[in-house]
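S.K.: Right, I'll just put the structure down here and ask away after.
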Amino acid sequence: MGKGRVRYPLICRAWSMHRKLLIQIFVVAALVNAPWEVAQSQANLYVGRDGGGFPWWHCALMGLGDGVLVLAIFFMGRIACGRWEWFERPGLKGYATMLVSGLVISVATEWLMVYVAFRWAYQDSMPVVPGFGVGIAPIIQMLVLPPLVFCIVARSRQHASLRTSSRRKT
């Protein structure tokens, strides 16, 4: 190991081998989640720290944050299922991991952002989970959109694989 150089072999190897997949999941997740964030803002479910709504660019930033959360769900699935491409055929274990991870991540994130960091608050129009005080819309978001993201990415990879194999035959 070189002087002054720190190595993280597992992380570096995973990144170099699966960079394209991780970027694809992140981009699709951000693009799928940003419109959801805009819809929640336009439905006046949230209020910002200044008492107003969120502009489109702020919703886009929240979509990027959601992309990171979907990557966290991906890594939970990777650990639970033991394969990098677990989402292509998730089975019961994969779907259960998506749902449980999405539920835990959404409840924890919303609770921290609303009650600890005070990044936003809920309008009276936001239905909340009794006892937790966490909005139902963001919970539904992390239960519905990650499986959609993984389905889009899996189909994209399948089509790319078919195109590659048909080129090799010619």
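The values are calculated or read from the model by the stated rules, or taken from the named source; none is laboratory data. All values derive from a computational prediction rather than experimental measurement. Cβ placement follows ideal geometry from the backbone for every residue including glycine, while neighbour counts extend to all protein chains displayed.
S.K.: All but one of (1) over 19 Å from the mean Cα position of the chain (by Cα); (2) of a type outside the set (D, E, K, R); (3) under 22 Å from Lys20 (Cβ atoms) hold for Pro127; which doesn't?
M.R.: Result: Pro127 fails condition (3) only.
S.K.: For residues in the range 130-143 being farther than 14 Å from Ala43 by Cα and surrounded by 18 or more Cβ atoms within 10 Å (Cβ to Cβ), which is farthest from the chain's Cα centre (by Cα)?
M.R.: Among them, the one singled out is Val134.
S.K.: Out of all the residues in the range 35-55, which are among the β-branched types (Val, Ile, Thr) and more than 21 Å from the chain's Cα centre (by Cα)?
M.R.: Across the range 35-55, the qualifying residue is only Val47.
S.K.: Pairs needed: first member in the range 115-127, farther than 13 Å from Pro138 by Cα and in a strand (DSSP E or B); second member anywhere, of a type in the set (Lys, Arg) and at pLDDT 95 or above; C-beta distance under 9 Å; at least 6 residues apart or different chains.
M.R.: none
S.K.: Quick one: what pairs do we get from the range 69-85, first residue without any contact (Cβ under 8 Å) to a residue 24 or more places away in the chain, second of a type in the set (Ser, Thr, Tyr) and surrounded by 15 or more Cβ atoms within 10 Å (Cβ to Cβ), C-beta under 6 Å, 6+ apart or different chains?
M.R.: Ala80/Thr97
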